[in-house]
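Engineer: Below is a structure I'd like to ask you about.
The values are calculated or read from the model by the stated rules, or taken from the named source; none is laboratory data. These figures come from a predicted structure and were not determined experimentally. When we count neighbours, we look across all protein chains shown, and the Cβ atoms used for this are built from the backbone with ideal geometry, even at glycine. Ligands, DNA and RNA are excluded from the accessible area calculation, which covers all protein heavy atoms including side chains. Shrake-Rupley method; radii C 1.70, N 1.55, O 1.52, S 1.80 Å.
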Amino acid sequence: FYTIANDTSGNTESYGDVDTETIYDTTSPTISITAPTDGDYLNNASVLYTWDSDAVGSIPIDRHEIKIGSTDWVDVETNTSTTITMAEGTHLIRVRVYNQAEAYAEDSISIKVDTSNPEVYSWSPTGTGVSPTADVYVTFNKDMDTSVNPTLTMLSGSYSDGWTPDGWQTARRFEWTPNGVYGSSDAIELQVTLAEDLAGNTMLTRSWTFYALDTVPPTVSSTTPTDGAVNVSYTQLIEVVFDESMKTSHTPELSAETGTTPSGGFVFEGWSTTTETSDTATWSHSGLRFNRNYTLRVRDYQDVAGNTGVAYDWGFSTEQDWIAPQVILTSPDDGEDSVNYRDGQIKVIFDETLNSNMTPQLLITHNLTTYNSTFIGFSTTFHNNDTVTFNYTSMASYSEIEVTISNYEDVYGNGNETYTWTFTTRRSPADHISLATMIMIGLFGAVIAVAIIAVIVKLLGRESKSVL
């Protein structure tokens, strides 16, 4: 453009140099983000963005603007780089270049900021009873860099053949195959390290332990009483210690192969710990027999894997008997009533065999009166010769009778004790008539009562007459 001046007289300035110039250019600038690249995973929240731009046409570049996701555009002037602190997650980055004519160009990329370390959230094998050839695998909580294999290390255990990597089965799961067979019940502790996620974050170390399948049956390590023990107390509990932890939901069996099984048998009391958890079984009983050679057998015992051990026998001998025999039952029983007062029997049962060469003595009394009895002999109820029997002919009717047995001992000479109990005899006919007489006298008077009693006497017969 040129400008000239005209005065009021009509004089016109001659054209000189160009006063101003307007450029018409519709060419847009260009821009290209150089870092990061589209799709990058970044493990640092502070991100440096760089780009190249070109005016292309004749109009100079005016400014650059950058936009992160849905945030506002930010003017960074003519700079070709800027650093921005990013939040975790995926972000769309847009950068524009403007020329002085406000024409612009834009480039964009998508990136993911991830600063957290990957973790193993599942692993195998675990627990007990693991197959001797089970593969090992770990699964991560995010997609991993499959160009980097994790490292598997055995921290403890007797297995020595190692594992061969099978590689990444997915972007998150890696597997190994064992080169051998895990030993029975072997406790194997593994550790996985050095895997990286797509952002380059190194995994947190993961360690765990598994137990190979137990295929070996348990065995007996020790017993109480010990095998071959002598003078064992008759009250001694029976304990069996096994070489490993046992299945506590399963009860082993204990029996006496020789010797006398206690009354009520052997009662299982439960499991306790000696060396391994729940490796000791205990039985109680009512009492072993004195001076006996015992052979006990434990069988049907199982370890935690369900393996059943073979029957185990061991033997011991008990102490000499030093306890006097004890009365356990009588007939008539202590406190019994309505017992025959004529021609009856008295039986006494002891808790062990008695010395049949010694005759027990029986004393039957009521107040100061003593009644005779006859020893019949020994018999067997629970043990050989543990029962004595006496006959009696008469004793007071409708009375409390006291009975004392003495002069008895067991086959080991333990004795010199007495046992006393009482019972009540039933009423005799005379007792019934006497009671009836008193009642009728009260009701009818003496004369009528005597007449009624006479009739009763005739009905009762000779026994009643003799009593009256």
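Engineer: Condition first: at pLDDT below 95 and open to solvent by less than 40 Å² (accessible area, probe 1.4 Å). Now tell me which residues in region 113-131 satisfy that.
Structural biologist: Once the filter is applied, which keeps residues that are at pLDDT below 95 and open to solvent by less than 40 Å² (accessible area, probe 1.4 Å), region 113-131 yields G127, V130.
Engineer: If S158 meets every condition in (1) open to solvent by less than 30 Å² (accessible area, probe 1.4 Å); (2) farther than 30 Å from E65 by Cβ apart from one, which number is that one?
Structural biologist: Failed condition: (1).
Engineer: Test S373 against the stated conditions and say whether it is within 30 Å of A396 (Cβ to Cβ), small (G, A, S) and touching a Phe, Trp or Tyr at 6+ places or on another chain (Cβ under 9 Å). Steps first, please.
Structural biologist: On the way: within 30 Å of A396 (Cβ to Cβ): yes; small (G, A, S): yes; touching a Phe, Trp or Tyr at 6+ places or on another chain (Cβ under 9 Å): yes.
So S373 passes the test.
Engineer: Looking at G315, G265, G270, G306, can you tell me which residue is in contact (Cβ under 8 Å) with a residue 40 or more places away in the chain and on the phi > 0 side of the Ramachandran plot? Talk me through it step by step, then tell me what you get.
Structural biologist: Details: G315 fails: on the phi > 0 side of the Ramachandran plot; G265 fails: in contact (Cβ under 8 Å) with a residue 40 or more places away in the chain; G270 fails: in contact (Cβ under 8 Å) with a residue 40 or more places away in the chain.
After ruling out the rest, the residue left standing is G306.
Engineer: Within region 324-382, restricting attention to residues that are of a type in the set (D, E, K, R), open to solvent by 60 Å² or more (accessible area, probe 1.4 Å) and within 57 Å of the chain's Cα centre (by Cα), which residue is nearest to T422 (Cα to Cα)?
Structural biologist: From region 324-382, those of a type in the set (D, E, K, R) are 333-334, 336-337, 342-343, 347, 351-352; that's our starting set.
Narrowing the set further to residues that are open to solvent by 60 Å² or more (accessible area, probe 1.4 Å) leaves 333-334, 336-337, 342-343, 347.
Filter once more, keeping what is within 57 Å of the chain's Cα centre (by Cα): 333-334, 336-337, 347.
On the way: D333: 8, D334: 5, E336: 8, D337: 9, K347: 13 Å.
Result: D334.
Engineer: Restricting attention to region 30-57, which residues are open to solvent by 70 Å² or more (accessible area, probe 1.4 Å) and not in a strand (DSSP E or B)?
Structural biologist: Correct list: T37, D38, N43, N44, V56.
Engineer: Which one is farthest from T202 (Cα to Cα), of the residues in region 5-44 that are at pLDDT below 95 and aliphatic (A, V, I, L, M)?
Structural biologist: Checked region 5-44; the qualifying residue farthest from T202 (Cα to Cα) is A5.
Engineer: When you go through D62, D107 one by one, which is the residue that is at pLDDT 90 or above, farther than 30 Å from E196 by Cβ and surrounded by 12 or more Cβ atoms within 10 Å (Cβ to Cβ)?
Structural biologist: Values: D107 fails: farther than 30 Å from E196 by Cβ.
One residue alone meets the criteria, D62.
Engineer: What is the one condition in (1) closer than 30 Å to T202 by Cβ; (2) open to solvent by 60 Å² or more (accessible area, probe 1.4 Å); (3) of a type outside the set (D, E, K, R) that T82 does not satisfy?
Structural biologist: So T82 meets the others, but not (2).
Engineer: Of the residues that sit in region 179-205 and are outside any strand (DSSP E or B) and closer than 15 Å to S147 by Cα, which one is nearest to the chain's Cα centre (by Cα)? Working first, answer last.
Structural biologist: At the first step, the residues of region 179-205 found to be outside any strand (DSSP E or B) are 179-186, 194-195, 198-201, 203-205.
Narrowing the set further to residues that are closer than 15 Å to S147 by Cα leaves 194-195, 198-201, 203.
Details: L194: 36, A195: 36, L198: 42, A199: 44, G200: 43, N201: 40, M203: 34 Å.
Ranking the candidates gives M203 first.
Engineer: Now for a separate question. Which members of region 273-303 meet the condition of being closer than 29 Å to S184 by Cβ, outside any strand (DSSP E or B) and touching a residue at least 12 places away in the same chain (Cβ under 8 Å)?
Structural biologist: T274, T275, E276, T277, S278, D279, D300, Y301
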